[in-house]
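Structure first, then comments.
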Amino acid sequence: AAMQATVHITSSGFSPPTVTIKAGGTVTWINDDTSPHWVASNPHPVHTDYPGFDALSNIPSGGTYQFTFNNAGNWGYHDHRNPGLLGTVIVVQ
């Protein structure tokens, strides 16, 4: 697994929907949509599965959000503005 991964956000969701990184690795989300998006840990709306994994605000068109995952596991996330858009970060040791 890599130490970095990139996920593109579009109007139809996250691409790729699942990425795998090593513990201590960072994922970067890039908003390729014209509308804002808000990446956050499941479950909606409380974002408590992975504390701290929450952009806390809108990611504007062309903007980015990065998060470093130190805890191994399968971490589901969603777009807080559109909770039907789902993704997963798999973190391995």
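Hey, what's the per residue convex hull volume over the C-alpha atoms of the chain, in cubic angstrom?
Details: hull volume 6.8 nm³, N = 93.
It comes to 73 Å³ per residue, whole-number rounded.
Computed from phi, the 3J(HN,Hα) profile of the range 48-62 under the Karplus parametrisation 6.51, -1.76, 1.60 (θ = phi - 60°) reads 9, 4, 10, x, x, 7, 6, 5, 6, 6, 5, 9, x, 3, x Hz, with x in place of Gly and Pro.
Rounded, prolate or oblate: which fits the range 1-54, taking a ≥ b ≥ c as square roots of the Cα gyration tensor eigenvalues, rounded meaning a/c under 1.5, else prolate when a/b beats b/c? Judged from the Cα gyration tensor, the range 1-54 comes out oblate (a/c at least 1.5, b/c at or above a/b).
Beta bridges assigned by DSSP with both partners in the chain are antiparallel in approximately 65 percent of cases. What is the sum of charges, Lys and Arg at +1 and Asp and Glu at -1, for the other residues whose Cβ falls under 13 Å from the Cβ of Asn31? Every neighbour counted, the sum reads -2.
Read-outs throughout are calculated quantities, based only on the coordinates presented, and are distinct from any laboratory measurement. Worth saying up front: this structure is predicted, and the values here are computed from it rather than measured. Using ideal geometry, Cβ is built from the backbone for each residue, glycine included, and neighbour counts are taken over all protein chains shown.
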